[in-house]
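Encoded as structure tokens, the structure appears first; notes follow it.
The values are calculated or read from the model by the stated rules, or taken from the named source; none is laboratory data. A quick note: this is a predicted structure, and the numbers were derived from the prediction, not measured. Virtual Cβ from ideal backbone geometry, glycine too; neighbours counted across all protein chains shown.
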Amino acid sequence: MRNLRNSMLMLVFVLTILITGCSTDSSNSNDDTGDNESSGQEAGGTLNIGLDAQPPTLDLPTSGTIATRDVARVMFETLLTTDANNQAVPMLAESVDTTDNQTYTFKLRQGVKFHNDKEMIAEDVIASMERWAGRSSNAGSIFEGATWEAEDDYTVVLTLAQASALALDSMAATKMGAAIMPKEVIDAIPEDGVDEIEEYVGTGPYKFVEWKQDQYIKFERYDDYQAVEAEPDGLSGKKEALFDEIYFHMASDSSTRLTGLQSGDYDFIFGVPYDSYDQLESDPNLKTYLAVNGVEVLKFNSVEGLGTNAELRQVINTGLDINAAMMAAFPSEDLYWLHSGYMDEDLVNWASDAGSEYHNINDQEKAKQMLADMDYDGEPFRILTTRDYAHLYNVAVVVHEQLRGLGINAELEIYDWPTLVDIANNQPDRWEAHMISYSVTSTPPQFLGLDQISGGGVHDERVIDLMSQIETAPTLEEAKEIWDELQLYSWEELLPIIQFGSFHSLYGSSDRIEGITTYSGPVFWNAGFVE
């Protein structure tokens, strides 16, 4: 029987449970991991953050955007989270036991309070997990037909319709995460409206105060936060809210963020311009953080319009000079690397080179001939992009130019990030492709490039069937064989996305802050000001 418990038994879990994954983006140039006493941190003060893109929502299970993940994590927590090795470990759960990968018994931590001062009990967990399983791409078909039952206020039993070794890893995922909320918050969602919560109430170290659209999102320390006693490790372990308040200021212009950091208006900024990296590194009053972000992707509209034309997608894939496009966004080869595998190369259980021969073909003459041979009449090919994320914009500009050079009537349409997300997800008649980045995931079902939701989703029957087989495969070896088949099919025939490669994110902070780490984005608990 496998058993997960906080503190000392976390190590037992890591060594014994059959959950895939390895390190993602826990390294950076200045990764302050010392304890508060040794680093001289003081409680108090207001942390002012310059955010590069306004999140479309803070309702974590409903949005796969990085902006939602990075902001919402200060207030929401999950039953399981991930450590620095990307292994699933307990957070709001005290332990979870299973003998067959089909029935899981979760013992909940007692005394955990929501930000409305109500204690978290089984009914809240069940309501939250049932909603997450129906909304998040991380859940996939693993949780179809699953039941969640309360044995008592602090015990929840999950029974899957089919055994899956990926269940716990899916529950611990960061994007579209399984945030635990009060049952009454979920019950208040209108049945005939948009499935989105009307108030933000979590269990995390900071609680939501207000959101002034296009200005800031404010959080404050939750004084009744119940921390675990284990050492901080990735997103797991002890969390301390040392700041009195945190403001995420909307600052989409990169020069404004950088100037604000240098002047002291901001204490931390997202999206440091890549051409400013050397400048910040040489400033003794500032710190830089370099962390693996994810993969840069051109996603096609698979629902309607010209983007659904498989022949045209193959033309584009044949003619793109991917390295030139990436160089436009990342001026140093230290900041990016090309690869075809949808899963991170360090994920030994899932990394695959299947289909690599179709990556960065870079043959413009062949692409032009392919275009001439097909029935293309010069219809507009609309590419969505945003200046909120400079790397997406810069790559999109080059892609736009390259497509026009091939003879495709490409048009570049520029929006702020929330508008782009809305168009991509809900208005398929308005676009053919858009640039997007996906963060590192630990299992294939979490990869948003092949899910059925993001950007209209991929609804190909073979993709859906193969992904379902992966989720219910009895062994990791069998699951990996199916994943190789799926990735090859995606590159060779379907081509719903063109993956360019991986890249680092750059963040900057004042040297007055100690304790910030990066793991799937920056982590602000356990960080504080020093004198």
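Return the residues of segment 85-140 that are under 26 Å from GLN469 (Cβ atoms) and of a type in the set (A, V, I, L, M, F, W, C); say none if nothing qualifies.
Those that are under 26 Å from GLN469 (Cβ atoms) and of a type in the set (A, V, I, L, M, F, W, C): ALA88, VAL96, MET129, TRP132, ALA133, ALA139.
Does segment 459-467 contain at least one residue that is over 20 Å from SER356 (Cβ atoms) and touching a strand residue (DSSP E or B) at 6+ places or on another chain (Cβ under 6 Å)?
Checking segment 459-467: not a single residue is over 20 Å from SER356 (Cβ atoms) and touching a strand residue (DSSP E or B) at 6+ places or on another chain (Cβ under 6 Å).
Report yes if some residue within segment 461-477 is at pLDDT 95 or above and of a type in the set (Ser, Thr, Tyr); otherwise report no.
No - not one qualifying residue is present in segment 461-477.
Considering segment 235-251 alone, what residues qualify as being part of a loop (DSSP other than H, G, I, E, B) and surrounded by 21 or more Cβ atoms within 10 Å (Cβ to Cβ)?
LEU235, GLY237, LYS239, ALA241, LEU242, PHE243, ALA251
Restricting to segment 228-251, give me the number of residues that are under 16 Å from TRP211 (Cβ atoms) and among the hydroxyl-bearing types (Ser, Thr, Tyr).
Number satisfying all stated conditions: 1.
If I ask for residues that are in contact with a strand residue (DSSP E or B) (Cβ under 8 Å, 6 or more places away or on another chain) and not polar (S, T, N, Q), which ones from segment 348-374 would you list?
HIS359, the sole residue that qualifies.
If THR518 meets every condition in (1) among the polar types (S, T, N, Q); (2) in the same structural domain as VAL74 (by TED's automatic domain parsing); (3) under 16 Å from GLY341 (Cβ atoms) apart from one, which number is that one?
(3)
With under 30 Å from ARG462 (Cα atoms) and modelled with pLDDT of 95 or more as the only criterion, which of TYR507, TYR489 stands out?
TYR489
Do we find a residue being assigned to a strand (DSSP E or B) and out of contact with any helix residue (DSSP H, G or I) (no Cβ under 8 Å at 6 or more places or on another chain) anywhere in segment 488-503? Break it down into steps so the answer makes sense when it comes.
So the first thing to find is which residues in segment 488-503 are assigned to a strand (DSSP E or B), and the list is 497-503.
Applying the additional criterion that residues be out of contact with any helix residue (DSSP H, G or I) (no Cβ under 8 Å at 6 or more places or on another chain) yields 502.
Yes, there is a match, as at least one residue in segment 488-503 is assigned to a strand (DSSP E or B) and out of contact with any helix residue (DSSP H, G or I) (no Cβ under 8 Å at 6 or more places or on another chain).
Quickly run through segment 75-91 and pick out the residues that are touching a Pro at 6+ places or on another chain (Cβ under 7 Å) and over 28 Å from PHE248 (Cα atoms).
Within segment 75-91, none qualify.
Any residue that is farther than 24 Å from TRP431 by Cα, buried (at least 20 other Cβ atoms within 10 Å of the Cβ) and either aromatic (Phe, Trp, Tyr) or not assigned by TED's automatic domain parsing to the domain that holds ASP214 (or both) - is there at least one of those in segment 355-369?
Yes.
Among residues belonging to segment 440-451 that are in a loop (DSSP other than H, G, I, E, B) and modelled with pLDDT under 85, point out the one that is surrounded by the fewest Cβ atoms within 10 Å (Cβ to Cβ).
For segment 440-451, the residue satisfying everything is VAL440.
Kindly establish whether GLY501 is at pLDDT below 95 and either within 30 Å of THR46 (Cα to Cα) or of a type in the set (Gly, Ala, Ser) (or both).
So GLY501 does not fit the description; no.
Can you name the residue in segment 354-368 that is assigned to a helix (DSSP H, G or I) and within 17 Å of GLN499 (Cα to Cα) and is also nearest to the chain's Cα centre (by Cα) among such residues?
Filtering segment 354-368 for residues that are assigned to a helix (DSSP H, G or I) and within 17 Å of GLN499 (Cα to Cα), the one nearest to the chain's Cα centre (by Cα) comes out as SER356.
Can THR259 be described as more than 25 Å from the chain's Cα centre (by Cα) and more than 25 Å from LEU488 (Cα to Cα)?
Criteria met by THR259.
Being outside any loop (DSSP other than H, G, I, E, B) and either small (Gly, Ala, Ser) or more than 29 Å from PHE447 (Cα to Cα) (or both) is the filter here; which residues of segment 188-207 pass it?
LYS207
Residue-wise test of (1) on the phi > 0 side of the Ramachandran plot; (2) at pLDDT 95 or above; (3) assigned by TED's automatic domain parsing to the domain that holds ASP70; (4) surrounded by 15 or more Cβ atoms within 10 Å (Cβ to Cβ).
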{"site": "ALA127", "(1), (2), (3), (4)": "no, yes, yes, yes"}
{"site": "SER136", "(1), (2), (3), (4)": "no, no, yes, yes"}
{"site": "ALA146", "(1), (2), (3), (4)": "no, yes, yes, yes"}
{"site": "LEU168", "(1), (2), (3), (4)": "no, no, yes, yes"}
{"site": "ILE180", "(1), (2), (3), (4)": "no, yes, yes, yes"}
{"site": "PHE208", "(1), (2), (3), (4)": "no, yes, yes, yes"}
{"site": "ASP214", "(1), (2), (3), (4)": "yes, yes, yes, no"}
{"site": "PHE219", "(1), (2), (3), (4)": "no, yes, yes, yes"}
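Which condition does THR419 not pass, out of (1) touching a helix residue (DSSP H, G or I) at 6+ places or on another chain (Cβ under 6 Å); (2) in a helix (DSSP H, G or I); (3) among the β-branched types (Val, Ile, Thr), if it passes all the others?
For THR419, the exception is condition (1).
One line per residue, one yes/no per condition, for (1) of a type in the set (Ser, Thr, Tyr); (2) at pLDDT 50 or above; (3) over 19 Å from THR105 (Cβ atoms); (4) touching a Lys or Arg at 6+ places or on another chain (Cβ under 8 Å):
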{"position": "LEU9", "(1), (2), (3), (4)": "no, no, no, no"}
{"position": "ASN48", "(1), (2), (3), (4)": "no, yes, yes, no"}
{"position": "ARG73", "(1), (2), (3), (4)": "no, yes, yes, no"}
{"position": "THR82", "(1), (2), (3), (4)": "yes, yes, yes, no"}
{"position": "ASN85", "(1), (2), (3), (4)": "no, yes, yes, no"}
